[in-house]
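Visitor: I have a structure here, written as C-alpha cells, and I will follow up with some questions on it.
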Amino acid sequence: MAAAGGGVGDGELRLLGKSSSPWVFRVRVALGLRGLSYEYIEEDLANKSDLLLRSNPVHKKVPVLIHGGRPVCESLVILQYVDEIWWGTTGPALLPSDPYDRATARFWAAFVDDKFFPAFSALFRSRTDEQRAEALQNALLVVETLERAFRECSKGKAFFGGDAVGLVDITLGSHPIWMRAVDEMAGTNLLDGDKFPGLAAWAERFMAVDAVNRVVPDAGKLLEQYKASRAMPPPAADSS
Amino acid sequence: MAGEKKQGLQLLGFWVSPFGQRCRIALDEKGLSYEYLEQDLANKSELLLRANPVHKKIPVLLHDGRPVCESLIIVQYLDEAFPAMPALLPAGDPYARAQARFWADYVDKKLYDCGTRLWKLKGDGHAQARTEMVEILRTLEGALGEGRFFGGEAFGFVDVALVPFTSWFLAYEWFGDLSVEKECPRLAAWAKRCAERPSVAKNLYPPEKVYESICGMKKRLGIE
C-alpha cells in the first residue's frame, strides 16, 4: 500500500485495463514505480463491464483508475494524478519541479500521443508493402524528432526524466514492445541503433526497469496476437 | 496592475484562433502583461519557426525568450510559473485537477474537429457531425452541472479551454442548423456569464466575425 501517512493517498485502488493496451501499460508502470498495490481488472472490450461504462461514460475506454471509488480517465491525466497524490513518497516524481521543465515534459508526452502514435499506428495497421513503406517513412521522421528530444531532455542522463524515469519515458516507453512486434513481422528496425543511438539505448534501459519488467506483456504472445490481427480482415475502429 | 514589471512574456498568435485566445485569457486572468505578436500563418515568420520547429503552429508563449508550445500546456505553465496570481487549476486537490485536465482534453479531442466537419462536409458527413456536435455540447453541459463555472464557483482551467469556442457557437448553429440555447440552456447561460469577464470580453471576437472568417476559409478551399 502507499507509504503516505493517512489522508490523500488513502483509498482502495482498482485499475480497469486490457493487457494489449499501451495506455494501460503506462499506468501499471506508474503505479509500480510508486510501490502501490491495486486490483487489476482485465476488461473484455467487445463486452464492456458495467463498472467500465459507469466509470468512463464519456469515452468508454481503458485505462480507468478508480481511487477510493472515484474514477480518473485518460492515461496522461492518470499519470499526473498518481504523481500529485503520492508526491514525496516511494519512487521518482514523474514531472520535474521547475515549471519550464514540466512544460517541456508535457509537450513531448503530448507529441508521443498526437504524432508518434498515429504514425506508428499507420505502420502497425498496414497490410500491403506499399502502405508499409509509406508508413515507415513517416514513422522514421517522427522517431528522428524523438531522438533529438531525447538528447534535449536527458541532457546526457539515462532517461528523458534525467536519472530516473519520468512522464515522457513512460509515455513513449509504452510502445517499444509493440514496435518490436512490428519489426519482427515487417522486417523493419524502428529503433535502429545506428540511426537512433540515444533512443535505442534508452529503450533497453527502460525495459530493464523493475517496475516495467514486472508488468510488460509477454513478447511472444504479443507477436502471435499481432500476426493474427494482420491475417484477419480490417476490423472496426480500435476501442482502446 | 501595480508596477507593470516586465516579465518578458510574448505570445505568438493568430487573431481568430481559439487556442491563442485561451492563452490571452489566461494571461489576463492572472494579471500578466505581455507583448502580443500576430502571426501571418500563410507566411510563417522566422520567430515562429524557430520557437516551434516541431509543429510550426501558434500559439507559442515566449518567456524571457524560451518557448512554450501547445495552448493547454501554456496555460498550465502560466499557472505554475506564476502561482501567486489566481490559480486556474484548483490548488491542492489532485482529484479536481484530474477532472479539469480530463475535460480540457475532451474539448481538445472533440470540439474543434467536429466543428470543422460541420462546415466542411455535406450529406451524411454533415448529418453525422451535427449529431456529434449536439452530443458534445450536451456532454459538456453535463460536466458543468449546476455550477457557475466548470470548476464550481471559480473561473478556471476548463472554462479557459472552452470559452474561446463560444464565439464559434453561432457558426455551429448556422452550419449545423441547431440552437445551443435550446439544446443546452445551462451551457448557453455559462457562455453569457463568461462573456461578462473582462479577460473574455477583451479577447474574443464577435461571433459574426468568426462566421465570416469561416466563410472565407470555405471559399478559399472551394467549398460551397
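Visitor: Only one of these is open to solvent by 10 Å² or more (accessible area, probe 1.4 Å) and either within 11 Å of another protein chain (Cβ to nearest Cβ) or at pLDDT below 95 (or both): B:Ala42, B:Ala104. Name it.
Guide: Sole residue among the options that is open to solvent by 10 Å² or more (accessible area, probe 1.4 Å) and either within 11 Å of another protein chain (Cβ to nearest Cβ) or at pLDDT below 95 (or both): B:Ala42.
Visitor: Select from the stretch A:40-96 the residues that are charged (D, E, K, R) and part of a strand (DSSP E or B) and write down the one among them that is farthest from the other protein chains (Cβ to nearest Cβ). First the steps, then the outcome.
Guide: Step one: list which residues in the stretch A:40-96 are charged (D, E, K, R), which gives A:42-44, A:48, A:50, A:54, A:60-61, A:70, A:74, A:83-84.
Checking the rest, the ones that are also part of a strand (DSSP E or B) come to A:42, A:70.
On the way: A:Glu42: 23, A:Arg70: 6 Å.
In this case the residue turns out to be A:Glu42.
Visitor: So, in the stretch A:71-92, how many residues would count as being touching a residue at least 40 places away in the same chain (Cβ under 8 Å) and farther than 22 Å from B:Tyr106 by Cα?
Guide: Number of matching residues: 7.
Visitor: If you don't mind, another one. From the list B:Gly151, B:Gly176, B:Gly156, which residue is more than 26 Å from B:Ile73 (Cα to Cα) and surrounded by 21 or more Cβ atoms within 10 Å (Cβ to Cβ)?
Guide: Details: B:Gly151 fails: more than 26 Å from B:Ile73 (Cα to Cα); B:Gly156 fails: more than 26 Å from B:Ile73 (Cα to Cα).
B:Gly176 is the lone residue from the list that is more than 26 Å from B:Ile73 (Cα to Cα) and surrounded by 21 or more Cβ atoms within 10 Å (Cβ to Cβ).
Visitor: Still on this structure, I have one more. I'd like the full set of residues that are exposed (fewer than 14 other Cβ atoms within 10 Å of the Cβ), under 15 Å from the mean Cα position of the chain (by Cα) and assigned to a helix (DSSP H, G or I), limited to the stretch A:209-219.
Guide: Once the filter is applied, which keeps residues that are exposed (fewer than 14 other Cβ atoms within 10 Å of the Cβ), under 15 Å from the mean Cα position of the chain (by Cα) and assigned to a helix (DSSP H, G or I), the stretch A:209-219 yields only A:Asn213.
Visitor: Could we say that B:Ala127 is over 30 Å from B:Met217 (Cα atoms), surrounded by fewer than 16 Cβ atoms within 10 Å (Cβ to Cβ) and more than 9 Å from chain A (Cβ to nearest Cβ) here?
Guide: Values: over 30 Å from B:Met217 (Cα atoms): no; surrounded by fewer than 16 Cβ atoms within 10 Å (Cβ to Cβ): yes; more than 9 Å from chain A (Cβ to nearest Cβ): yes.
Answer is no for this residue.
Visitor: Does A:Leu15 satisfy the condition of being under 24 Å from A:His175 (Cα atoms) and either away from chain B (no Cβ under 13 Å) or at pLDDT below 95 (or both)? Reasoning before the result, please.
Guide: Working: under 24 Å from A:His175 (Cα atoms): yes; either away from chain B (no Cβ under 13 Å) or at pLDDT below 95 (or both): yes.
In short, yes.
Visitor: Looking at (1) more than 14 Å from chain A (Cβ to nearest Cβ); (2) open to solvent by less than 30 Å² (accessible area, probe 1.4 Å), which is the only condition B:Pro86 fails?
Guide: Condition not satisfied by B:Pro86: (2).
Visitor: Suppose we filter B:Val68, B:Val54 for residues that are more than 19 Å from the chain's Cα centre (by Cα), within 14 Å of chain A (Cβ to nearest Cβ) and farther than 27 Å from B:Lys218 by Cβ; which single one remains? Before you say what the answer is, go through the steps one by one.
Guide: Details: B:Val68 fails: more than 19 Å from the chain's Cα centre (by Cα).
Result: B:Val54 is the single residue among B:Val68, B:Val54 that is more than 19 Å from the chain's Cα centre (by Cα), within 14 Å of chain A (Cβ to nearest Cβ) and farther than 27 Å from B:Lys218 by Cβ.
For every residue, the table says whether it meets (1) hydrophobic (A, V, I, L, M, F, W, C); (2) closer than 16 Å to A:Phe116 by Cα; (3) within 14 Å of another protein chain (Cβ to nearest Cβ).
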{"residue": "A:Gly161", "(1), (2), (3)": "no, no, no"}
{"residue": "A:Gly166", "(1), (2), (3)": "no, no, no"}
{"residue": "A:Ile170", "(1), (2), (3)": "yes, yes, no"}
{"residue": "A:Gly187", "(1), (2), (3)": "no, no, no"}
{"residue": "A:Val209", "(1), (2), (3)": "yes, no, no"}
{"residue": "A:Gly220", "(1), (2), (3)": "no, no, no"}
{"residue": "A:Leu223", "(1), (2), (3)": "yes, no, no"}
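Visitor: Only residues that are among the charged types (D, E, K, R) and either touching a helix residue (DSSP H, G or I) at 6+ places or on another chain (Cβ under 6 Å) or in contact (Cβ under 8 Å) with a residue 12 or more places away in the chain (or both): list them for the stretch A:136-151, please. Walk me through how you get there before you give the answer.
Guide: Here is the first cut: in the stretch A:136-151, the ones among the charged types (D, E, K, R) are A:144, A:147-148, A:151.
Listed by number, the residues that qualify are A:Glu144, A:Glu147, A:Arg151.
Visitor: Here's a follow-up. When you check A:Arg106 against the structure, is it in the same structural domain as A:Trp178 (by the TED database), out of contact with any Lys or Arg (no Cβ under 9 Å at 6 or more places or on another chain) and of a type outside the set (S, T, N, Q), yes or no? Please lay out each step first, then the result.
Guide: Values: in the same structural domain as A:Trp178 (by the TED database): yes; out of contact with any Lys or Arg (no Cβ under 9 Å at 6 or more places or on another chain): yes; of a type outside the set (S, T, N, Q): yes.
Criteria met by A:Arg106.
Visitor: Here's a follow-up. Do the conditions hold for A:Leu141, that is, is it at pLDDT 95 or above, of a type in the set (A, V, I, L, M) and buried (at least 18 other Cβ atoms within 10 Å of the Cβ)?
Guide: Values: at pLDDT 95 or above: yes; of a type in the set (A, V, I, L, M): yes; buried (at least 18 other Cβ atoms within 10 Å of the Cβ): no.
No: the conditions fail for A:Leu141.
Visitor: Can you say whether A:Glu184 is in a helix (DSSP H, G or I), without any contact (Cβ under 8 Å) to a residue 60 or more places away in the chain, over 18 Å from A:Gln137 (Cα atoms) and open to solvent by 30 Å² or more (accessible area, probe 1.4 Å), as far as the supplied structure shows? Explain how you work it out, then say what you get.
Guide: Details: in a helix (DSSP H, G or I): yes; without any contact (Cβ under 8 Å) to a residue 60 or more places away in the chain: yes; over 18 Å from A:Gln137 (Cα atoms): no; open to solvent by 30 Å² or more (accessible area, probe 1.4 Å): yes.
No: the conditions fail for A:Glu184.
Visitor: Find the residue count for the stretch B:36-87, including only residues that are closer than 26 Å to A:Phe150 by Cβ, among the aliphatic types (A, V, I, L, M) and assigned to a strand (DSSP E or B).
Guide: Here the count works out to 4.
Visitor: Tell me, which helices (runs of 4 or more DSSP H) wholly within the stretch B:148-224 include 3 or more residues that are touching a residue at least 12 places away in the same chain (Cβ under 8 Å) and either more than 30 Å from A:Val77 (Cβ to Cβ) or touching a strand residue (DSSP E or B) at 6+ places or on another chain (Cβ under 7 Å) (or both)?
Guide: Values: elements: B:157-162, B:166-176, B:180-183, B:185-195, B:198-203, B:207-221.
Counting at least 3 such residues, we get B:166-176, B:207-221.
Visitor: Applying the selection to the stretch B:134-147, what residues are closer than 21 Å to B:Ser71 by Cβ and away from chain A (no Cβ under 13 Å)?
Guide: First pass over the stretch B:134-147, keeping only residues closer than 21 Å to B:Ser71 by Cβ: B:136-137, B:139-140, B:143-144.
The answer is B:Leu137, B:Leu144.
Visitor: Return only the number of the condition from (1) surrounded by fewer than 22 Cβ atoms within 10 Å (Cβ to Cβ); (2) farther than 13 Å from A:Thr171 by Cβ; (3) away from every other protein chain (no Cβ under 11 Å) that A:Phe117 does not satisfy.
Guide: The single condition A:Phe117 does not satisfy is (2).
Visitor: Quick one: in the stretch B:1-30, which of the residues that are under 25 Å from B:Ala195 (Cβ atoms) and among the basic types (Lys, Arg) is modelled with the lowest pLDDT?
Guide: B:Lys30
The values are calculated or read from the model by the stated rules, or taken from the named source; none is laboratory data. What you are looking at is a predicted structure, and each value in this text was computed from that prediction instead of being measured. In this analysis, Cβ positions are derived from the backbone assuming ideal geometry, glycine residues included, and neighbour counts consider all displayed protein chains. Quick note on the areas: whole protein, heavy atoms, side chains included, nothing else; ligands and nucleic acids left out. Shrake-Rupley method; radii C 1.70, N 1.55, O 1.52, S 1.80 Å.
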